[in-house]
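Step one of this worksheet: look at the structure below.
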Amino acid sequence: MSRAIMLVDMNAFFASVHQALDPALRGRPVIVAGDPARRHGVVLAASYEARARGVKTGLTVAEARLACPGGIFIKPQHELYVDFSARILRILHDFTPLVEPFSIDEAFLDVTGCYKLLGSPVEIARQLKERIRREVGITCSVGIGPNKLLAKMAAELQKPDGLTVLTPEDVPRRLWPLPVRELFGVGPRYEEHLRKLNIHTIGDLACFPVDILKRRFGVYGETLWLFARGIDHSPVDPGSLKQVKSIGQQITLPRDYRGEEIRVVLWELADRVARRARTGGYAGKTVILSLKDSHFNWLSRRKTLPCYTSLAEDIHRAAMDLLERHWSPRWPVRLVGLALGGLAARLPEQLTLFGQREKRQKAEQVCDNIKKRYGEKAIFRAVSLTRAGVFYAAEPPDTAPSFLMKMPRDR
Amino acid sequence: MKFNASKPALMHAINAVQKAVSPRSPLPVLTGILFEVTGNRLYLTGSDTELTIQCNIEVETETEGAIVLPIRYISDLVRSLPDIPIQFNSIPGSTSVIITYGTSQVSIHGYEPEQYPRLPSINRGTGIQVPQDELKEMLRQVLFAVSNDETRPVFTGVLMQVDGKQFRLVATDTYRLAMKNYQLEEEIEQPVRAIIPGKTLGEVARLTGNTEEKISIILEENHAFFSTADLKIASRLIAGQYPPYEQVIPREFVTRTRVTTREIMDATERASLLARDGYPVVKFTLQENSCVVSVQTQAGWIREEISGLVEGEPLEIWFNARYMSESLRALNSDELCLELTGPLSAAVLRPAGDDSYLSLLLPAKPPKD
């Protein structure tokens, strides 16, 4: 059965968000850039009015100002974009549950099963474009095709405010003349590899012997060849963006740390990483330790654990093991990073014999609850009170743990 | 040092000792095997200082002497030699050996023998004698439960306990526990406990024969020794306190079943094929006169019903399929007696009609959706 897949792509998303919020900006060249105050900021998005004057994503602020002297430069406000993105996704979810967020401003929809309920894919596309325009104030381009690849390629064909349908029959006529770089999945590196094989257009790739591509680039060579012929079997997966690969945190230290002091920071990082893993319902199998000194010497080592864990104690133990193995106690450290990888979600939990693990688990769980209710600094390890502590001991604790407070204090 | 030996005898001895040698040791001499000729015997020793294995074979000695030869070369070289008489001749004043086979020769550079670790000497310890085949089977029944988590050394070893006439082995990685008892012929005066590295016992199991000939075990304060006619194994003990394992063995049960080991093992292994990501957990439902093995995953579902006698309350419990099949494999019995005290507490697996062995298996919490 042929599928009906849709890609919804917000036009100049960041700039459009600002234009939607501030009517004064509509129709004007809006440029969202790193930090306009600093000259080395980079353009993150430009409205179509600014693009018409040659402003492109990736230019420096100085270059953009030169191209478009009347441009309105705005500092990026990421929470705002996340919020708008979520609002748009909610609208998309009104049409089908099969929505795969692809980036902050793009999403795939599988509307194969919506025909009887909502009409043809083109009608659905018109409806959702209208709703996003009316409710959020942003225009988008919609591509429709029998698979994700053609939907994506279709959306690219007409911007802004486009609505394009690509069928497999259209592929030779509409896609093959395009440069191969335009094909989804071909980046600058592959463009260069393909150029060496005298492949310049998507058509060149589609007509190239597939066995040579397979030998040169492995499975990906065949995937690209199929893409060039408009073939793609990947499903619209609503959970794809939610798959977290690792949870990590790093910190630059206020001064050079050595030996024992690093142990303290590792405790604090392990606690934070473990807590984030538990909150997300994850457990991981690999611990990755990264260290840097102030002279840019750096090191990153990983260790695979015997079983999945979300306990700070396990993470800390593995990190200490890595530290002892790969870093001398005399070497200074300026940056410490700790990550838990090899994540799996909602694992069944293996019980243990002497109950030690369950006890530690309970203890850490209770700490999570206390922190959630009374704040980050309500409870922490005593090592954080030493000189080496970075997260908690920056200021002396003005409320001592209650069990230390035998006498009421006057304040 | 000069001697003549046959290829099979040399191969046998090298195979016996080579697992104790770490070819990548930073100390060059430890990357080799010690060859030592006294009388008409060749003593081969391999050691990483923790574990030392010595094997002796009969040779035709011309002059006595010793040398250390690197394992990387000597092992493969001897394996590839033709099966004809082989002569080893160390060049006086050097650390090289010339190996002559027929009209051909090969020379390898080695190391001074003086620095090589020797077998620790036995002072006085508790000694026991066990038939080799019995010990081999005992080890097979417990070694699967040894942990390979180096951060908790105690669990990477096997507890060996001798008390009166009872000889006991216990291993646990905290997820499961295996315990095997053996009745000694002679009584030991002083009870002893020692934690022996799992790696050592793996080698003991590999090297002991399927014979009723006895192996003698001597436990000292810091070392354990195993010896047969041609083999000596010495190992450092693991320091530390073994956890109070006896306290965690359930004494009562709420559900008990007897099923055919093979049937439940096959069902578990088939079910685990559907649960390949993360932990392969499988559900066991004990109901009237049957045990149902089932699992439902994204890949699909499976349900197998195994008939068996079930006493007590019906119960639903989840186990890691890999742990379950390893435990069943170690059971050494056609019939399994499974005793349960609840869905979240240890299950007891026993071979039906045999009190000398039991293993515990901790369940997994039922997966949440």
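Label-to-label distance, A:E191 versus B:E221, with points set 7 angstrom from Cα along the beta-carbon direction: 7.5 nm.
Taking only protein heavy atoms into account and a 1.4 Å probe, give the accessible area per residue of the range A:185-307 in Å².
With all protein chains present, the range A:185-307 gives 55 Å² per residue.
Accessible area per residue for the range A:1-166 is 46 Å², calculated with a 1.4 Å probe on protein heavy atoms, without ligands, DNA or RNA.
Buried between A and B is an accessible area of approximately 2000 Å², summed over both sides with a 1.4 Å probe. For A:Q250 and B:D163, the FRET efficiency from 1/(1 + (r/R0)^6), where r spans their Cβ atoms and R0 equals 56 Å, is about 0.55.
Here the simple spin-label model places points 7 Å from the Cα toward Cβ, and for B:D334 and A:E135 these points are separated by 6.9 nm. Computed from backbone phi with θ = phi - 60° and the Karplus coefficients 6.51, -1.76 and 1.60, the 3J(HN,Hα) list for the range B:347-356 is 9, 10, 10, 10, x, 4, x, 9, 8, 7 Hz; x is used for glycine and proline.
For a label point 7 angstrom out from the Cα of B:N148 toward its Cβ, which stretches of the range B:169-186 have the backbone nitrogen within less than 15 Å? Under 15 Å, as judged by backbone N against the label point of B:N148, lie B:173 of the range B:169-186. Each residue of the range B:246-262 was assigned a 3J(HN,Hα) from its phi angle through the Karplus expression (A = 6.51, B = -1.76, C = 1.60, θ = phi - 60°), giving 5, 5, 9, 7, x, 9, 10, 8, 9, 9, 9, 9, 10, 9, 6, 4, 4 Hz with x at Gly and Pro.
Efficiency by 1/(1 + (r/R0)^6): what FRET value for A:R26 and A:F184, r their Cβ-Cβ distance, R0 = 25 Å, to the nearest 0.05? Write down the numbers at each step before the final one.
Details: r = 31 Å, r/R0 = 1.25.
Efficiency for this residue pair is about 0.20.
Looking at the square roots a ≥ b ≥ c of the eigenvalues of the Cα gyration tensor of chain A, which shape do they give, rounded for a/c under 1.5, prolate if a/b is larger than b/c, or oblate? Prolate shape, in that a/c is at least 1.5 and a/b is the bigger ratio.
3J(HN,Hα) along the range B:318-329, derived from phi through the Karplus expression 6.51 cos²θ - 1.76 cosθ + 1.60 where θ = phi - 60°, amounts to 10, 10, 5, 5, 5, 4, 4, 6, 5, 5, 5, 4 Hz, with x in place of Gly and Pro.
Comparing the full protein assembly with the isolated chain (1.4 Å probe, heavy atoms, ligands and nucleic acids excluded), the residues of the range A:294-325 losing at least 20 square angstrom of accessible area are A:P306, A:C307, A:Y308, A:R317. The angle separating the long axis of helix B:71-80 from the principal Cα axis of greatest extent in chain B is about 90 degrees. What is the protein assembly as shown by shape, rounded, prolate or oblate, if you read a ≥ b ≥ c off the alpha carbon gyration tensor as root eigenvalues and call it rounded for a/c under 1.5, prolate for a/b larger than b/c, and oblate otherwise? Prolate shape, in that a/c is at least 1.5 and a/b is the bigger ratio. The residues of the range A:329-368 listed by number as losing at least 40 Å² of accessible area in the complex, against the isolated chain and with a 1.4 Å probe, are A:R346, A:P348, A:E349, A:Q350, A:L351, A:T352, A:L353, A:F354. Restricting the range A:268-336 to trypsin sites (Lys or Arg not before Pro) that sit in a DSSP loop and have at most 10 other Cβ atoms within 10 Å of their own Cβ leaves A:R330.
Subtracting the Cα-Cα distance of A:D237 and A:V82 from 0.36 nm times their residue separation leaves 53.8 nm of extension gain.
Taking every protein chain into account, the accessible area of the range B:126-243 amounts to 42 square angstrom per residue (probe 1.4 Å). What a 1.4 Å probe finds exposed on the protein assembly as shown is 51% carbon and sulfur by accessible area, rounded to a whole percent. Other residues with beta-carbon under 12 Å from the beta-carbon of B:S325 carry, at +1 per Lys or Arg and -1 per Asp or Glu, a net charge of +2.
Could you calculate the FRET efficiency of A:D293 with B:N4 from 1/(1 + (r/R0)^6), where r is the beta carbon distance between them and R0 is 56 Å, rounded to 0.05? It comes out at approximately 0.40. Overall, the anisotropy analysis places the range A:308-397 in the oblate class: the square-rooted eigenvalues a ≥ b ≥ c of its C-alpha gyration tensor yield a/c not less than 1.5, with a/b not exceeding b/c.
Looking at chain B, which longest stretch skips every one of the trypsin sites (Lys or Arg not before Pro) that is in a DSSP loop with at most 15 other Cβ atoms within 10 Å, leaving the sites themselves out? With a cap of 15 other Cβ atoms within 10 Å, the longest stretch comes to B:125-250.
Note on A:R258 and A:K371: their simple-model spin labels are 3.1 nm apart, each label 7 Å out from Cα toward Cβ.
The values are calculated or read from the model by the stated rules, or taken from the named source; none is laboratory data. No experiment lies behind these values; they were computed from the predicted model shown. Positions of Cβ are backbone-derived with ideal geometry, glycine not excepted, and every protein chain shown enters the neighbour counts. Ligands, DNA and RNA are stripped out before the accessible areas are found, and what is left, the full protein with its side chains, is counted by its heavy atoms. Shrake-Rupley method; radii C 1.70, N 1.55, O 1.52, S 1.80 Å.
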